[in-house]
Amino acid sequence: MNIETVLFDLDGTLTDSGPGIMNSVQHALKKYGMEVEDISQLRSFVGPPLAKQFELFCGFSEEESKNAVEHFREYYVEKGIFENTVYEGIPEVLQTLKNKGYQLLVATSKPEHLAHIVLEHIGLSQYFDFIGGSYMDLTRTKKSEVIEYVLEQCNCTQREHILMIGDTSYDMIGAKQSGVHSMGVEYGYGTKKELVDAGAELLAKTPRDILNFLW
């Protein structure tokens, strides 16, 4: 692969955002009289579009899922967004890639303005030429839609030189649908099997492994 542009997922790839997301989901579920004793059961909410995950996890209707997302945001925008830590080694990886001349972009299903807040708060926004995400109204949440949006905004047309890095099947499938290369990271919230089954071309066990493929 002759990669020139690298798209990074955010949750589970650049940062361990699990605690804030799972606490926010727990807050939303309580509004419906539901509570999960073992919060780790909510790991599946880290990464995928939230509304769809509420449908799958709770059996909610589309309308109920949209309302659940609103309850989720009550906690998330106040507390959950800051219950978020950078994976060890990520700043060094980004700095190295930046120094080597790679164009670095973010493609996340998280609402775009919240992605900006997170990356600014944790000190990573400086590494990226563009940060793209979804709308607050729950549109443009499909990963391929986000990828297409980011590529269009950055005028990236040579897809054979573009790599999408993420931790779930949604990232790998989105990459395939958009015709770009894919790398799955095993340190996030997806499993190796999930990534392989979704068509990951490369696998990175640690952030440092990202450099092993690109540098």
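The values are calculated or read from the model by the stated rules, or taken from the named source; none is laboratory data. It should be emphasised that the depicted structure is a prediction, and the values quoted were computed from it without experimental measurement. Backbone-built Cβ (ideal geometry, glycine too); neighbour counts: all protein chains shown. SASA here: full protein model, heavy atoms, side chains in, ligands and nucleic acids out. Shrake-Rupley method; radii C 1.70, N 1.55, O 1.52, S 1.80 Å.
Figures for the structure shown
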| read-out | value |
| --- | --- |
| All helices (runs of 4 or more DSSP H) inside segment 118-206 with 2 or more residues being open to solvent by less than 50 Å² (accessible area, probe 1.4 Å) and in contact with a Lys or Arg (Cβ under 8 Å, 6 or more places away or on another chain) | 143-153, 169-178 |
| The listed residue being in contact with a helix residue (DSSP H, G or I) (Cβ under 8 Å, 6 or more places away or on another chain) and either closer than 13 Å to T13 by Cβ or modelled with pLDDT under 95 (or both), out of T168, T206 | T168 |
| Counted residues, segment 34-53 - those being in a loop (DSSP other than H, G, I, E, B) and either in contact (Cβ under 8 Å) with a residue 40 or more places away in the chain or closer than 17 Å to D16 by Cα (or both) | 4 |
| One residue from S61, S109, S44 being closer than 18 Å to L7 by Cα and among the polar types (S, T, N, Q) | S109 |
| Counted residues, segment 96-118 - those being among the hydroxyl-bearing types (S, T, Y) and closer than 18 Å to F82 by Cα | 2 |
| Out of E88, E70, sole residue that is open to solvent by 60 Å² or more (accessible area, probe 1.4 Å) and touching a residue at least 60 places away in the same chain (Cβ under 8 Å) | E88 |
| Only listed residue being outside any loop (DSSP other than H, G, I, E, B), closer than 17 Å to I165 by Cβ and modelled with pLDDT of 95 or more, chosen from L7, L29 | L7 |
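For every residue, the table says whether it meets (1) open to solvent by less than 10 Å² (accessible area, probe 1.4 Å); (2) of a type in the set (V, I, T).
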| position | (1), (2) |
| --- | --- |
| D9 | yes, no |
| L14 | yes, no |
| N23 | no, no |
| G33 | no, no |
| V36 | no, yes |
| Q41 | no, no |
| E62 | no, no |
| N84 | no, no |
| N99 | no, no |
